[in-house]
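Input: a single structure, listed below in structure tokens.
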Amino acid sequence: MDNTIHHTGIIERIDPDKVYVKICQQSACAGCHAKSMCNASESKDRIIEIEGVYDSFQLNEEVELKGRESMGYLAIFYAFLLPLLLLLTVIIFSLEMNRSETVSALAGLAVLPAYYSVLYFFRDKLKKKFVFAMKKLN
């Protein structure tokens, strides 16, 4: 079983200590033969920062990015699971404090911008957990 994530991308920019690679992130149904008839298929371009010195790479070169599968699970945890648990905890706690359902729901929703703000402020620390390796395709 291969425990790595593979993405093919094109080098957009090269800095002395970073390389920026553009990947096309596709939904699961983007490869479907019926995608032209369906509105559910979509793809988005993402820029991935790869830290390190890569002197042998050039602009517009096609490369392969590799990362651990566990990074994907960690991203799902931080982006979806933890905020959901936080939302439900605040709602249940608020209901237990004899607040109305409306106030409890608003309190649960109010905690989400705070959570995502904390994630934003710790983005540099989180970047260290999400590390991709880059190699030439040729």
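The values are calculated or read from the model by the stated rules, or taken from the named source; none is laboratory data. Bear in mind the structure is a predicted one, so any value in this text is a computation, not a measurement. Cβ coordinates were reconstructed from backbone atoms using ideal geometry, including for glycine residues, and neighbour counts include every protein chain displayed. Remember, those area values only see protein heavy atoms, side chains included, never the ligands or the DNA or RNA. Shrake-Rupley method; radii C 1.70, N 1.55, O 1.52, S 1.80 Å.
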- Item | Summed side-chain charge close to K136 - residues other than K136 whose Cβ falls under 10 Å, Lys, Arg +1, Asp, Glu -1 | -2
- Task: Using θ = phi - 60° and the Karplus relation 6.51 cos²θ - 1.76 cosθ + 1.60, list the HN-Hα couplings for the stretch 120-128 in order, rounded to whole Hz, with x at every Gly or Pro.
- Result: 4, 5, 9, 4, 5, 5, 5, 4, 5
- What lysines could a cross-link reach from K18, if we take a straight Cα to Cα line under 23 Å and drop same-chain neighbours fewer than 8 places away? K44, K66, K125, K127, K128, K129, K135, K136
- Heads up, the stretch 85-138 by the C-alpha gyration tensor (a ≥ b ≥ c square roots of eigenvalues; a/c under 1.5 rounded, else a/b over b/c prolate, else oblate) looks prolate
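With a 1.4 Å probe and every protein chain left in place, work out the accessible area per residue of the stretch 43-84 in Å², rounded to a whole number. Provide the component values of the computation, followed by the final result.
Working: 2850 Å² over 42 residues.
Ligands and nucleic acids excluded, the figure is 68 Å² per residue.
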